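Asks: Mind having a look at this structure? Questions to follow.
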Amino acid sequence: MNFGNQTPTIVVLKEGTDASQGRGQIISNINACMAVQETLKPTLGPLGSDILIVSSNQKTTISNDGATILKLLDVVHPAAKTLVDISRAQDAEVGDGTTSVTILAGEFMKEAKPFLEEGISPHIIIKGYRKAVQLAVSKIKELAVDITNNKEQNNRQLLERCAKTAMSSKLIHNNSDFFVKMVVDSVLSLDQDELDEKLIGIKKIPGGAMEESMFIDGVAFEKTFSYAGFEQQPKNFKNPKIVSLNIELELKAEKDNAEVRVEHVEDYQAIVDAEWQIILTKLEEIEKTGANIVLSKLPIGDLATQYFADRNIFCAGRVSSDDMNRVIQAVGGSVQSTTSDIQPEHLGTCETFEEIQIGSHRYNLFKGCPEAKTCTLLLRGGAEQVIAEVERSLHDAIMIVKRALQNKIVVAGGGAIEMEISKYLRDYSKTIAGKQQLIINAFAKALEIIPRQLCENAGFDGVELLNRLRMAHFQGEKWYGIDFETESIGDNYNKFVWEPALVKINALSSATEATNLILSIDETIKNKEGESPNAGMAPPPGRGRGLPM
Amino acid sequence: MAQPRTMDMPDLSNAIVAQDEMGRPFIIVRDQGNKQRQHGLEAKKSHILAARSVASIIKTSLGPRGLDKILISPDGEITITNDGATILSQMELENEVAKLLVQLSKSQDDEIGDGTTGVVVLASALLDQALELIEKGIHPIKIANGFDEAAKVAIRKLEGSTDDVALNKSEFHEYLFKAAKTSLGSKIVSKTHDKFANMAVDAVTAVMDEERKDVQFDLIKLEGRVGGSLEESSLINGVIIDKDFSHPQMPKQVLPKEGETGVKVAILTCPFEPPKPKTKHKLDISSVEEYQKLQNYEQDKFKEMIQYVKDSGADVVICQWGFDDEANHLLLQNKLPAVRWVGGQELELIAIATEGRIVPRFQDLSKEKLGTCKRVYEVEFGTTRDRMLVVEQGATNSKTVTCFIRGSNKMIVDEAKRALHDSLCVVRNLVKDSRVVYGGGAAEVTMSIAVSEEADRQKGIDQYAFRAFAQALDTIPMTLAENSGLDPIETLTTLKSKQIKEHTSVFGVDCLGKGSNNMKELFVVDPFIGKKQQILLATQLCRMILKIDNVIISGKDAY
């Protein structure tokens, strides 16, 4: 290959384009993915640690959520990016298991590497993996326990268990009893057919301990910007009538581009009065509806604020559209874009409304809403990062509960299901001949990474425990997994370490897909980066192309 | 297992090491050469060291004999304070973990308003203890779990040793006063702390909503002015604004008219000028008559406005907007003292204080909408010519108060404001939750005894964590003793034995050398929720820091 520097090079690609190909390329891609996997590994499991990331704009994030970490790592390697994508997809699809999916994908690739080095075509490996994942998924479905038939009360218990498992690896592990209730309450308060988790409002208020977080069966939002006169409004109502508007209640030019030509001085006053009349009519109409609380997405000016204060009406302008939506969902009624025809049915109501001080801010709370299809979680914590992490953890748990509600089949966590599938695939591989046997076996081995990593993060003897697990599964104890309390193994199904089967199925299939994708790439052509400010950081293009160092 | 050379690359900090089979370096993460990374024990150690150094800065400010710090901001402004949250927020720390501690003290400040130094000292003591355990080989998360359990025990004990002071209404006021005094003990105003404590208690009791136990801080205004001494600070039942009457010839003091109970105040949010439509408009003046008419119209308008005000019976006009000389003159002629350009918030406070309504239009002005106050007067300060306007509240039971602080220099005034804020918070907390624990480290000693007692009953690793937690709690009384010039170990041991012997939690460090350790007798009390919050926040932050074992910091661009 080395012709020295005299070789007349034939330029096919634009200068600066980076091209590499061949088996070396696949292996190099795998290495890149494994570097990413390595970063995530310590975060898995209940004794997994967190990662502190300071982004280039000096924002600090402390997290243990795989998807969040990968996003913030800012991975640029094209192959490694697939890992980021699958963890994001897992996040979007099921919301939890983002770390596991990345670790699994990395492990599948790692297992494939020796085969590649031995010269087995990537396609054979891909085929083997596909077969393996198919078998694994159908096995999960077969193993999973359906709990639909259980009674109503158990339904809640099931959800609580799933939520608890999802929280076990997070910062809020120790307060999980407290948060589990919150999460299940909030998911159950949603419309059970739609389960739109966006309707669960999460407000972060620095200060206070985590246990001071609150679940509100209604809506809460921070006091909006207010004009003089606001403090004279009543701040506490029982069964108020609430009107929600999308109107600016301010003395202002009606149309931006309008211009009035005043002929006589006398007309001048008339125009001024007319403008006043417009706003006054609006205010009067609102007052006539009998509403006690006026909310608007658009500003409510000082004039209106004082007008309402005079009449013992509470008002809040510039309510964000998210909050407004949830208010509507909670109190009923609908957003009005005119004041002229507000009927009683357009008004909402709730049991109590009050404005209270939380931390250093004041919050407006609407509690006890009749048609509540929404709820709000007020999260507290000692530092912003703490709350941010609590929010991510709750999001994961909410998603899990949501999935469990939709799809009531569960499997045992703590590495139990992985071990069982691993055993099943191992047994299966013995029944077939040819290279596929090796590959399915490799797949089975890769699955063991989950319990192994769990042990490693907890500081247990991984080899020992893994062997015991293998034995237990061989003896037919299909729900045996790592037990963190006793540093040994145990039946995780009876210990209620439950996870929705969907999470596992999705994690396995997307990890396998990502692996197959990367295995099938054998050439990367990368165009020279544009003139970005970071260009200086990249190694000089073309350096070492094809030349072993 | 011998791993291939290419496997040694999880270390992202060195791009050259990451090579593929062909020896080509490749990049996984953007700017990876600039990224710093630490992980494992090394990361934890550096975090704990960072926390320790932060704590050691503010440690000496703890307690009544704590010392102040002087902070000079980049533009040369000087702050002298011993308030933990203020010191930390002005230090502009770079380290990530140190920043977390800053936030910790800030959230204590937001929530409780006091104990900001203590919480940081406690958190760093916990981390210090955790480091020792980590070095013994205990898993950090297990330590954190143990700490959580220990915190629960501590808080349970603390809750058991509280005294509810709200049982007796008449004594309650007394207790508020004492608690306020405790919080002022360590501040610059300790010389005049009776006065300040009284100010704090009176201010809070004036504005509190007894039924809902809600105290709205917006209604307490802190106003400072350089000059005079701290003793001249006072609580004004009303509002002070940094404005004066619009015309120098207006009277300096407005007293109620004869036969009236109070001064009537008109509060306006409309300017003293001819109204303008908001819509873009144009008036073509084509003749002299038209022009004349316009001028008349404007003058009529002014007169009309003044007339409206007069008719309503107002004695003073407070206006959010300005008015020109012509209006000013007319106001003077009509004997209507006026104030212009009053900010929205102040206007609101005046409205609340005088129970008036803010009026957006002259036409709406009526007698009912006027506010009432005892008097409105200007105050002058020493030889300076600045003046401030005081709107003094009458007998009405409306609620706004202003704490007016004087001091010989700006630093003292600012520090006194912060001190007063702290004690306002303490009083508010007691109004919210009237349980108190004893200060001077007494509560910490009680908790420490309880936790170490409980330690022996724990199985496994928690035992270590419990003991470590108890030791961390001891840091507070020890630091207090140290700052007061006492022998820390001797003090602590005496306190502990005394508390155990007499089964009570009232013994604390006698910082001021009063000759007694009985905090109940010395009336050194802290609100229970403040202490509880300290323990919870410190433990949770500690958990967060212990959980981190991987730090990735994006490098800054090298120019």
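The values are calculated or read from the model by the stated rules, or taken from the named source; none is laboratory data. Just so we're clear, the structure is a prediction, and the values are computed from it rather than from any experiment. No Cβ is skipped: glycine too gets one built from the backbone with ideal geometry, and neighbour counts run over all protein chains shown.
Asks: So in region B:153-171, with the set limited to residues that are in a helix (DSSP H, G or I) and at pLDDT 80 or above, which one is surrounded by the fewest Cβ atoms within 10 Å (Cβ to Cβ)?
Replies: Selected residue: B:GLY160.
Asks: Checking the condition surrounded by fewer than 16 Cβ atoms within 10 Å (Cβ to Cβ), over 24 Å from A:ALA404 (Cβ atoms), at pLDDT 90 or above and polar (S, T, N, Q), which residue from A:ASN527, A:ASN534, A:ASN467, A:ASN441 passes?
Replies: Among A:ASN527, A:ASN534, A:ASN467, A:ASN441, only A:ASN467 is surrounded by fewer than 16 Cβ atoms within 10 Å (Cβ to Cβ), over 24 Å from A:ALA404 (Cβ atoms), at pLDDT 90 or above and polar (S, T, N, Q).
Asks: Looking only at region B:503-520, decide whether some residue is at pLDDT 85 or above and assigned to a helix (DSSP H, G or I).
Replies: Checked against the condition, which is being at pLDDT 85 or above and assigned to a helix (DSSP H, G or I), region B:503-520 yields no hits at all.
Asks: Among the strands (runs of 3 or more DSSP E) lying completely within region A:339-412, list those that include at least 3 residues that are more than 14 Å from every other protein chain (Cβ to nearest Cβ) and surrounded by 21 or more Cβ atoms within 10 Å (Cβ to Cβ).
Replies: On the way: elements: A:352-358, A:361-367, A:375-381, A:409-412.
Strands (runs of 3 or more DSSP E) meeting the threshold: A:375-381, A:409-412.
Asks: I would also like to ask the following. Does region B:482-502 contain any residue that is surrounded by fewer than 19 Cβ atoms within 10 Å (Cβ to Cβ) and within 30 Å of A:ALA383 (Cβ to Cβ)?
Replies: The answer is yes; a qualifying residue exists.
Asks: Given the criterion part of a loop (DSSP other than H, G, I, E, B), assigned by the TED database to the domain that holds B:PRO140 and among the aliphatic types (A, V, I, L, M), identify the matching residue among B:LEU473, B:LEU486.
Replies: On inspection, the qualifying residue turns out to be B:LEU486.
Asks: Name every residue in region A:284-312 that is under 15 Å from A:PHE237 (Cα atoms) and within 39 Å of the chain's Cα centre (by Cα), in order of residue number.
Replies: If the condition is that a residue be under 15 Å from A:PHE237 (Cα atoms) and within 39 Å of the chain's Cα centre (by Cα), then A:ALA291, A:ASN292, A:ILE293, A:VAL294, A:LEU295 are the ones that fit.
Asks: Here's a check for you: in region B:56-111, which residue that is of a type in the set (Gly, Ala, Ser) and outside any helix (DSSP H, G or I) is modelled with the lowest pLDDT? Spell out the reasoning first.
Replies: Looking only at region B:56-111, we keep the residues that are of a type in the set (Gly, Ala, Ser), and these are B:56, B:61, B:63, B:66, B:73, B:76, B:84-85, B:89, B:98, B:105, B:107.
If we keep only those that are outside any helix (DSSP H, G or I) as well, we get B:61, B:63, B:66, B:73, B:76.
On the way: B:SER61: 85, B:GLY63: 77, B:GLY66: 80, B:SER73: 83, B:GLY76: 83.
Checking each candidate, the answer is B:GLY63.
Asks: Only one residue in B:VAL215, B:VAL201, B:VAL207, B:VAL254 is in contact (Cβ under 8 Å) with a residue 60 or more places away in the chain, among the hydrophobic types (A, V, I, L, M, F, W, C) and in the same structural domain as B:PHE272 (by the TED database), so which one is that?
Replies: Step by step, each of B:VAL215, B:VAL201, B:VAL207, B:VAL254 is checked, and only B:VAL254 is in contact (Cβ under 8 Å) with a residue 60 or more places away in the chain, among the hydrophobic types (A, V, I, L, M, F, W, C) and in the same structural domain as B:PHE272 (by the TED database).
Asks: Another question, if that's okay. List the residue pairs whose Cβ atoms are under 7 Å apart, where the first residue sits in region A:394-412 and is under 13 Å from A:ALA501 (Cβ atoms) and polar (S, T, N, Q), the second is modelled with pLDDT of 85 or more and part of a helix (DSSP H, G or I), and the two are 6 or more positions apart or on different chains.
Replies: A:ASN407/A:LEU502
Asks: Would you point out the residue of region B:114-143, among those that are surrounded by fewer than 24 Cβ atoms within 10 Å (Cβ to Cβ) and within 11 Å of chain A (Cβ to nearest Cβ), that is nearest to A:ALA458 (Cα to Cα)?
Replies: Restricting to residues being surrounded by fewer than 24 Cβ atoms within 10 Å (Cβ to Cβ) and within 11 Å of chain A (Cβ to nearest Cβ), the top hit is B:HIS139.
Asks: Of all residues being within 23 Å of B:LEU347 (Cβ to Cβ) and of a type in the set (Lys, Arg) in region B:258-282, which is surrounded by the fewest Cβ atoms within 10 Å (Cβ to Cβ)? Just the residue, please.
Replies: B:LYS276
Asks: Any chance region B:400-419 includes a residue that's of a type outside the set (D, E, K, R) and in contact with a His (Cβ under 6 Å, 6 or more places away or on another chain)?
Replies: no
Asks: Within region A:43-89, how many residues are surrounded by fewer than 24 Cβ atoms within 10 Å (Cβ to Cβ), in contact with a Gly (Cβ under 8 Å, 6 or more places away or on another chain) and closer than 13 Å to A:VAL101 by Cβ?
Replies: 0
Asks: I need a count of the residues in region B:109-134 that are of a type in the set (D, E, K, R) and either within 17 Å of B:LEU480 (Cβ to Cβ) or in contact (Cβ under 8 Å) with a residue 40 or more places away in the chain (or both).
Replies: First pass over region B:109-134, keeping only residues of a type in the set (D, E, K, R): B:109-111, B:114, B:128, B:132.
If we keep only those that are either within 17 Å of B:LEU480 (Cβ to Cβ) or in contact (Cβ under 8 Å) with a residue 40 or more places away in the chain (or both) too, we end up with B:111, B:114, B:128, B:132.
Within region B:109-134, residues that are of a type in the set (D, E, K, R) and either within 17 Å of B:LEU480 (Cβ to Cβ) or in contact (Cβ under 8 Å) with a residue 40 or more places away in the chain (or both) number 4.
Asks: Let me ask something else. Only one residue in A:SER226, A:SER169, A:SER138 is over 20 Å from the mean Cα position of the chain (by Cα), of a type outside the set (Asp, Glu) and part of a loop (DSSP other than H, G, I, E, B), so which one is that?
Replies: It is A:SER226.
Asks: In region B:203-221, how many are assigned to a strand (DSSP E or B) and buried (at least 19 other Cβ atoms within 10 Å of the Cβ)?
Replies: Total meeting the criteria: 3.
Asks: Still on this model: Those residues that are crowded, with 17+ Cβ neighbours inside 10 Å and either part of a helix (DSSP H, G or I) or at pLDDT 80 or above (or both), I need them from region A:246-268; list them, please.
Replies: Residues satisfying the conditions are A:ILE247, A:GLU248, A:LEU249, A:VAL265, A:TYR268.
Asks: If you go through region B:15-55, how many residues are in contact with a Pro (Cβ under 8 Å, 6 or more places away or on another chain), at pLDDT below 75 and closer than 30 Å to B:LYS136 by Cα?
Replies: 1
Asks: Evaluate the following for B:TYR297: is it in contact with a Phe, Trp or Tyr (Cβ under 8 Å, 6 or more places away or on another chain), without any contact (Cβ under 8 Å) to a residue 60 or more places away in the chain and crowded, with 18+ Cβ neighbours inside 10 Å? Step through it out loud before you land on a result.
Replies: Numbers: in contact with a Phe, Trp or Tyr (Cβ under 8 Å, 6 or more places away or on another chain): yes; without any contact (Cβ under 8 Å) to a residue 60 or more places away in the chain: yes; crowded, with 18+ Cβ neighbours inside 10 Å: no.
Criteria not met by B:TYR297.
Asks: Also, quick follow-up: Within region A:279-300, is even one residue surrounded by fewer than 17 Cβ atoms within 10 Å (Cβ to Cβ), hydrophobic (A, V, I, L, M, F, W, C) and away from chain B (no Cβ under 12 Å)?
Replies: Scanning region A:279-300 turns up at least one residue that is surrounded by fewer than 17 Cβ atoms within 10 Å (Cβ to Cβ), hydrophobic (A, V, I, L, M, F, W, C) and away from chain B (no Cβ under 12 Å).
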